[in-house]
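Visitor: Take this structure first; my questions come after.
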Amino acid sequence: MRLTVIGTGYLGAVHAACMADIGHDVLGVDVDTEKIDALAEGRTPFYEPGLDDVLTRALASGRLRFTTSLREAAAHGEVHFVCVGTPQQAGSQAADLRYVDAVVDGLAPHLPASCLVVGKSTVPVGTTGRLTARIAGLAPAGVRAEVAWNPEFLREGFAVEDTLRPDRLVVGVTSREADATLRQVYAPMLEAGVPYISTDPSTAELVKVAANSFLATKISFINAMAEVCDAAGADVVTLADALGHDTRIGRRFLNAGLGFGGGCLPKDIRAFTARAQELGVGAAVAFLDQVDEINQRQRARTVALARQAVGGDLTGRRVTVLGATFKPNSDDVRDSPALAVAAALHREGADVRVHDPEGSANARRAHPELRCTDDLLTACQGAELLLHLTEWSQYREVDPVKLSRVVREPVLIDGRNALAHEEWRAAGWTVEALGRPA
Ligand code: UGA
């Protein structure tokens, strides 16, 4: 099928490459010429394991091309996937829909024939209906563009795997034809047995924000328990393990620590709250404010733990932060808890070095005041305190005996509860963590 994927950021670049990989004829579209040039040459503009291979394969097959022209996109596509960002609006909790609107406005007047426009971005419930009216007002006479919503659930770091083998496909449609078209697009996945949920657009839009709200709530729940554990001298990791054995609860997303960040969870729960308030049901999701608050508090708690670990005053103290990205296997530093803590330590006068295997360039751009490096030993040289804030696997492989020879004081705060504390203690380290007895 002839598809376009409009917006080649995280979501769009992966979707475009994967759709070409499963046999479609795909045109990727973006306003950013640099990004388009890079993708067309097989270079991914961000770090995502496995994407390079799929992109190279798709380009070599001749089924994937890129352009900056929405006019060309209109001419190419039977199905247009909208994958542009919906960031948090400046000065508000709500989602900023200007990029989604701009796609529709740029595409609709050039549509040569009836087609399907499929939104994948995370949007406030009701967006499909609004866009349907917007396109109808702009499309040439006689051209009908149906809008459907097909939310994306991919995780950074597993984006290719999640796209090619998703847990489920959810489509919100208003006609049988749209449903049939989407079944055809995803035929290889359906043949492989991926559950396919076809529903109305509002439900589909809501599935996405409900899923991210649930995940955020699960993380904040265990972090709230960590605070109680700290007060009671209990151990949150054992608590999470014990809870997780109950299959109704499950162990995943019960990792207590510094909490969630990134381009999705934080802004999605805020946008959901804002939309629910518009719909007059703000009270129903008021708990999400608490979820957000608990999450932010873990950053403050980690800074307090650091202050305490160096005797009450961070001024002039040499501190090393391990990890800058919001999660491992990504170079994404958007709303990164690790960087927020690093910046707060710096504001308190600490001499901060940040290490990240993939995110140091982005970290330097976001926080020029911090010294970021991708060399671990350089970052740790002379440190009086180490904070492990993003759980890259390479930090688990570090030899604590060797590292203790490089630092000035062997003191570790494990903000992700992911290191083998007993091993570090045996190597002479003092280890502190949220929700764990000292
Ligand atoms: C999240 C969802 O997991 C995806 O399903 C969704 O498609 C995506 O948002 C999106 O809306 O686009 P992602 O932002 O890539 O994916 O990251 P997650 O793996 O969900 O992690 C989010 C944050 O939660 C990270 O900062 C991570 O460190 C933190 N986290 C996760 C915890 O603090 N504890 C946990 O137990 C799990």
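Visitor: Go through 247, 174 for me and flag whichever is in contact with a strand residue (DSSP E or B) (Cβ under 8 Å, 6 or more places away or on another chain) and over 18 Å from residue 297 (Cβ atoms). Show your work before the answer.
Guide: On the way: 247 fails: in contact with a strand residue (DSSP E or B) (Cβ under 8 Å, 6 or more places away or on another chain).
It is 174.
Visitor: Under 6 Å by Cβ, and 6 or more places apart or on different chains, what pairs join a residue from the range 72-97 that is within 30 Å of residue 180 (Cβ to Cβ) with one that is in a strand (DSSP E or B) and charged (D, E, K, R)?
Guide: Note: pairs meeting the criteria are 76/2; 77/2; 78/2.
Visitor: Looking at 128, 174 in this structure, which one is polar (S, T, N, Q), in a loop (DSSP other than H, G, I, E, B), modelled with pLDDT of 95 or more and within 29 Å of residue 279 (Cβ to Cβ)? So that I can check it myself, show each step before the final result.
Guide: Details: 128 fails: in a loop (DSSP other than H, G, I, E, B).
Step by step, each of 128, 174 is checked, and only 174 is polar (S, T, N, Q), in a loop (DSSP other than H, G, I, E, B), modelled with pLDDT of 95 or more and within 29 Å of residue 279 (Cβ to Cβ).
Visitor: Test of understanding: among 383, 350, 338, 379, which residue is over 17 Å from residue 314 (Cβ atoms) and modelled with pLDDT of 95 or more?
Guide: Details: 383 fails: over 17 Å from residue 314 (Cβ atoms); 350 fails: over 17 Å from residue 314 (Cβ atoms); 338 fails: over 17 Å from residue 314 (Cβ atoms).
Sole residue among the options that is over 17 Å from residue 314 (Cβ atoms) and modelled with pLDDT of 95 or more: 379.
Visitor: Related question: Residues being basic (Lys, Arg), in contact with a helix residue (DSSP H, G or I) (Cβ under 7 Å, 6 or more places away or on another chain) and away from the ligand (no atom under 16 Å from the Cβ): count how many of those fall in the range 116-135.
Guide: Qualifying residue count for the region: 1.
Visitor: Does residue 320 count as more than 22 Å from the chain's Cα centre (by Cα), crowded, with 18+ Cβ neighbours inside 10 Å and of a type in the set (S, T, N, Q)? Steps first, please.
Guide: Details: more than 22 Å from the chain's Cα centre (by Cα): yes; crowded, with 18+ Cβ neighbours inside 10 Å: yes; of a type in the set (S, T, N, Q): yes.
Here the answer is yes, as residue 320 does meet what is asked.
Visitor: So if I check each of 319, 352, 310, which one is farther than 23 Å from residue 158 by Cβ, in contact (Cβ under 8 Å) with a residue 12 or more places away in the chain and out of contact with any helix residue (DSSP H, G or I) (no Cβ under 8 Å at 6 or more places or on another chain)? First the steps, then the outcome.
Guide: Values: 319 fails: out of contact with any helix residue (DSSP H, G or I) (no Cβ under 8 Å at 6 or more places or on another chain); 352 fails: out of contact with any helix residue (DSSP H, G or I) (no Cβ under 8 Å at 6 or more places or on another chain).
Going through 319, 352, 310 in turn, the sole match is 310.
Visitor: Looking only at the range 136-150, decide whether some residue is in a loop (DSSP other than H, G, I, E, B), under 18 Å from residue 202 (Cα atoms), in contact with a strand residue (DSSP E or B) (Cβ under 6 Å, 6 or more places away or on another chain) and within 16 Å of the ligand (Cβ to nearest atom). Before the answer, list the steps.
Guide: First pass over the range 136-150, keeping only residues in a loop (DSSP other than H, G, I, E, B): 139-144, 150.
Restricting the remaining residues to those that are under 18 Å from residue 202 (Cα atoms) gives 150.
Those left that are additionally in contact with a strand residue (DSSP E or B) (Cβ under 6 Å, 6 or more places away or on another chain): 150.
Then drop every residue that is not within 16 Å of the ligand (Cβ to nearest atom), which leaves 150.
Checked against the condition, which is being in a loop (DSSP other than H, G, I, E, B), under 18 Å from residue 202 (Cα atoms), in contact with a strand residue (DSSP E or B) (Cβ under 6 Å, 6 or more places away or on another chain) and within 16 Å of the ligand (Cβ to nearest atom), the range 136-150 yields at least one hit.
Visitor: Would you confirm whether any residue within the range 324-341 is in contact with a strand residue (DSSP E or B) (Cβ under 7 Å, 6 or more places away or on another chain), more than 20 Å from residue 432 (Cα to Cα) and in the same structural domain as residue 255 (by TED's automatic domain parsing)?
Guide: no
Visitor: Residue 255 passes all but one of (1) in contact with a His (Cβ under 8 Å, 6 or more places away or on another chain); (2) under 30 Å from residue 366 (Cα atoms); which number fails?
Guide: For residue 255, the failing item is (1).
Visitor: Working carefully through the options 272, 287, find the one that is crowded, with 18+ Cβ neighbours inside 10 Å and of a type in the set (Phe, Trp, Tyr).
Guide: Values: 287 fails: crowded, with 18+ Cβ neighbours inside 10 Å.
272 is the lone residue from the list that is crowded, with 18+ Cβ neighbours inside 10 Å and of a type in the set (Phe, Trp, Tyr).
Visitor: How about the range 155-171: which of its residues are charged (D, E, K, R), surrounded by 15 or more Cβ atoms within 10 Å (Cβ to Cβ) and outside any helix (DSSP H, G or I)?
Guide: 156
Visitor: Would you pick out the residues in the range 100-119 that are under 21 Å from residue 275 (Cα atoms) and surrounded by fewer than 23 Cβ atoms within 10 Å (Cβ to Cβ)?
Guide: Those that are under 21 Å from residue 275 (Cα atoms) and surrounded by fewer than 23 Cβ atoms within 10 Å (Cβ to Cβ): 101, 102.
Visitor: If I filter the range 9-38 down to residues being among the small types (Gly, Ala, Ser) and surrounded by fewer than 23 Cβ atoms within 10 Å (Cβ to Cβ), which single residue comes out as farthest from residue 64 (Cα to Cα)?
Guide: At the first step, the residues of the range 9-38 found to be among the small types (Gly, Ala, Ser) are 9, 12-13, 16-17, 20, 23, 28, 38.
Filter again for surrounded by fewer than 23 Cβ atoms within 10 Å (Cβ to Cβ), leaving 9, 23, 38.
Numbers: 9: 16, 23: 10, 38: 13 Å.
Only one residue fits best here, namely 9.
The values are calculated or read from the model by the stated rules, or taken from the named source; none is laboratory data. Computed from a predicted structure; not experimentally measured. Glycine gets a Cβ as well: all are built from the backbone with ideal geometry, and neighbour counts include every protein chain shown.
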